[in-house]
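The values are calculated or read from the model by the stated rules, or taken from the named source; none is laboratory data. Quantities reported herein were computed from a predicted structural model and do not represent experimental measurements. So basically every Cβ, Gly included, is an ideal-geometry build from the backbone, and we count neighbours across all protein chains shown. Protein only, heavy atoms only, side chains kept; ligands, DNA and RNA dropped before computing areas. Shrake-Rupley method; radii C 1.70, N 1.55, O 1.52, S 1.80 Å.
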Amino acid sequence: MNTRRCSALATLLGLLVSLQPIAGQDGGPYSNGEGTLMLAQPAVSAERLAFAYAGDLWTAELDGTGAKRLTSHIGTEFNPRFSPDGQWVAFSGEYDGNTDVFIVPAEGGVPERLTWHPSADIVQSFTTDGSEVLFASGRNAYTGRHQQLFTVSRSGGHPEQLPIPHAFKAAYSPDGSKIAYTPLYEAFTQWKNYRGGTATRIWIYDVADHSVAEVPQPSTRSNDTDPMWVGDHVYFRSDRDGEFNLYSFDPSTEAVEKLTRHEDFPVLSASAGNGQIAYEQAGRLHV
């Protein structure tokens, strides 16, 4: 183990992961500035939290205790996602000079590579039964401006492309009947409060009839991203009120509700699992 990884391990195990409830509460246990910073891209299951730190993936209990490293390859790992039963973690890894889909037992083990294409394969989630991993890739796109969605079996094999023209981020509804996704790339990562023609939106695809509904945006536009499902509601990040916060969308009433009210730093890297949402804000993780 090299010096960098030893230092990261000592730092992380010496402090607790920063966590707070989602339901509109700000401040919480981090208001005193304590806790490990630079934790990113959280994923949540019924019992554990997974996240990226110092180029590797780690897991911890939901209260931040029991942190342990899940990966230790010299390449960078990112975008962890738990299987619905919490037994597996899928992630994208930059191994051997390329970004591909990998899977590893949540309790630890040797990661198994699932994709081998030269294009970057970015993990999004699992299918609802946990048998396949959903990922985005530009492998079949005619331009670098677009990506498409694919699934690959947890046991490996040839990926299958979904019948959605182009998408960057996506998640299945709990019953698998719908997919919430962003069709466009995220220009706001270059220009904060971007309101141009490619402002990111969320569409909801019906698997049965291939119809699409859109999460409504204000007349001034907004950037809506990181679509997630909890029950029959779609949750997402949006900068429609200024800084990025969490919102929910009820497809039955088309009502949009603001859930968090961070004003200092944006909500980042949100994902859902087991009826909970985990997100990054100001270098800390919140559940």
Region 264-281, residues that are hydroxyl-bearing (Ser, Thr, Tyr) and open to solvent by 30 Å² or more (accessible area, probe 1.4 Å):
SER269
Of the candidates ARG113, ARG81, the one satisfying the condition of being within 15 Å of the chain's Cα centre (by Cα) and either closer than 29 Å to ASN140 by Cβ or of a type in the set (A, V, I, L, M, F, W, C) (or both) is ARG81
So which residues in region 71-106 are open to solvent by 50 Å² or more (accessible area, probe 1.4 Å) and in contact (Cβ under 8 Å) with a residue 12 or more places away in the chain, if there are any at all?
SER72, HIS73, THR76, PRO84, ASP85, GLN87, TRP88, GLU94, ASP96
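Test of understanding: among ASP241, ASP226, which residue is within 16 Å of the chain's Cα centre (by Cα), of a type in the set (Asp, Glu) and either in a strand (DSSP E or B) or more than 20 Å from GLN124 (Cα to Cα) (or both)?
The match here is ASP226.
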Which residue out of ARG261, ARG284 is within 28 Å of ARG48 (Cα to Cα), exposed (fewer than 15 other Cβ atoms within 10 Å of the Cβ) and in contact (Cβ under 8 Å) with a residue 60 or more places away in the chain?
ARG261
Which ones in region 104-142 are closer than 22 Å to THR59 by Cβ, in contact with a Leu (Cβ under 7 Å, 6 or more places away or on another chain) and in a strand (DSSP E or B)?
VAL104, GLN124, SER125, PHE126, VAL133, LEU134
So ASP121, is it crowded, with 23+ Cβ neighbours inside 10 Å and of a type outside the set (A, V, I, L, M)
yes
Residue in region 204-213 that is modelled with pLDDT of 95 or more, surrounded by fewer than 21 Cβ atoms within 10 Å (Cβ to Cβ), under 30 Å from GLU254 (Cβ atoms) and polar (S, T, N, Q) present
yes
